[in-house]
1. Quick check: the distance between the Cα centres of segment 296-370 and segment 126-187, to the nearest angstrom?
2. Give, in nm to one decimal, the length gained when the segment between ASN352 and THR200 is fully stretched (0.36 nm per residue of separation minus the Cα-Cα distance).
3. In the neighborhood of LEU159, defined by Cβ-to-Cβ distances under 14 Å, what is the net charge if each Lys or Arg adds +1 and each Asp or Glu adds -1?
4. Is the shape of the chain best called rounded, prolate or oblate, per the rule: a/c under 1.5 gives rounded, else a/b larger than b/c gives prolate, else oblate, with a ≥ b ≥ c the square roots of the Cα gyration tensor eigenvalues?
5. Give the angle, between 0 and 90 degrees and rounded to the nearest 10, that separates the Cα long axis of helix 48-60 from the longest principal axis of the Cα atoms of the chain.
6. Cut-off under 22 Å on the C-alpha distance; same-chain residues fewer than 8 positions from LYS22 excluded. Which lysines are left, in chain and number order?
7. Taking 25 Å as R0, compute the FRET efficiency from the Cβ-Cβ separation of MET66 and LYS97 and round it to 0.05.
8. Set the Förster distance to 35 Å, then compute FRET efficiency between VAL207 and GLU276 from the Cβ-Cβ distance, nearest 0.05.
Amino acid sequence: MDRIRLRGGRPLEGSISIGGAKNAALPLMAASLLTGDTLTLSNVPHLADIATMAHLLQQHGVDVSMDGGNGTPEGRTIHLNAARIESTLAPYDIVRKMRASVLVLGPLLARFGEAEVSLPGGCAIGTRPVDLHIMGLKALGAEINVENGYIKAKAPKGLKGGVVRFPMVSVGATENLLMAATLAEGTTVLENAAREPEITDLAYCLVAMGAMIDGIGSEHLTIHGKKSLHGAQHRIVPDRIETGTFAAAVAICGGKVELLGTRLNLIESVVDKLREAGCDVEETARGISIGRNGSRLKGVDFLTQPYPGFPTDMQAQVMAAMSVAEGASMITESIFENRFMHVPEMARMGANIVVHGASALVRGVPKLTGAPVMATDLRASVSLVLAGLAAEGETVVNRVYHLDRGYERLEEKLAACGAQIERLKD
Ligand code: UD1
């Protein structure tokens, strides 16, 4: 298994291009199941999770072709055609690799009146049930049983519009319901819907496919169902978590980097905290510039929340920055119950962090020291890379396959800005 070796202590200088958002690409790919015409997506990142979704769709019978390679500035373009679906079953072997596979449930059920999708099961950051997806689809008239580890859903006469009030904000459940409602008979109202930029991106693509959706970008979505949707072309929104991750890297290392092809308004909550901690962040004609010169970072407190709050997917990376800040930082995780697995690994590098329930108290130390580390999920893994950039001496991050699920050419992008980082191939 590949590893990443790095030595900390160098400022970052230069520019980094930001790819399309993985978490937008996955539901957008699933949306191709809603039509028999071709859906063309551009600015698709080259990542392991995208390959897993392509594989899942192919086994349903979707024709998937890709242009553009790894590292092209425009990302990849994917053409998806679901004219001939052979199976509405999403098997355990694929779903267990990636929870977002559950996003095929809504589109398959809406267009074909049936779907059988393996339960995704637990994952490193918590139990992560799918009860809200099931509750919502039942409100649109689906009959759903969970048997033998599978969600077995039927709507022989098609889905019917209904009102779904989510008791808690769920990105995936909002996406499944939004997609399903586009082909339901009548009007569907989603209340307390998630409004992450990836959901807005999905909604705009669905509109380009002929869907009628009001309230895009808000927590109250109204969908007027159509008999069928058609093909469309859509460019995927920039990845705000990749953007925030590199911004956190500059916060840690100092220097100045321009992040190309992204937008500040996608990560305002993170930018607010980085500014409070002493970084300069500006919008530029090509993206965002972030810098920190001279003075040490200052500890700041934050709480993870649904968008537009501080994203849980940035918690570990900003914690890495806070571990070397002056003063203390109180970090509270309100989305997932078990998302501090990076803490013991950071502690092995010399960080001073105490966890009490859903909060972590980080007392900044002047420096970390390099160590061999590993993590069990994507964002925790990248936070250890960032901690390594702040550490004296050598850090080796094991289990790099987690990084490859969500970061395209991470080590190349950082090395191009002066970081001492390389991938060790096995
Ligand atoms: C998505 C993102 C993930 C991000 C998360 C929160 C993708 C592919 N993944 O995950 O990177 O960390 O949003 O921003 O976009 N919940 C239930 N029942 C459900 C569904 C969710 O209790 O049926 C709970 C979850 O356990 C969690 C919370 O709701 O505690 C939020 O989860 P959700 O927003 O659904 O996350 P995902 O869509 O899985």
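The values are calculated or read from the model by the stated rules, or taken from the named source; none is laboratory data. Computed from a predicted model, the values in this text were never measured in an experiment. Because the Cβ atoms are built from the backbone with ideal geometry, glycine has one as well, and the counts that use them run over all protein chains shown. All accessible areas refer to the heavy atoms of the entire protein, side chains included, with ligands and DNA or RNA removed. Shrake-Rupley method; radii C 1.70, N 1.55, O 1.52, S 1.80 Å.
1. Measuring centre to centre over Cα atoms gives 35 Å.
2. Values: separation 152, 0.36 × 152 = 54.72 nm, distance 3.85 nm.
Result for the pair: 50.9 nm of gain on full extension.
3. On the way: positive: ARG111, LYS138, LYS154, LYS157, LYS160, LYS226, LYS227; negative: GLU114, GLU143, GLU185.
Once positives and negatives cancel, what remains is +4.
4. Taking the square roots of the gyration eigenvalues as a ≥ b ≥ c, the chain is prolate.
5. Taking Cα atoms only, the helix is inclined about 10 degrees.
6. Output for LYS22: LYS97, LYS413.
7. Values: r = 19 Å, r/R0 = 0.77.
The formula returns an efficiency of 0.85 here.
8. Numbers: r = 37 Å, r/R0 = 1.05.
Rounded to the nearest 0.05, the efficiency is 0.45.
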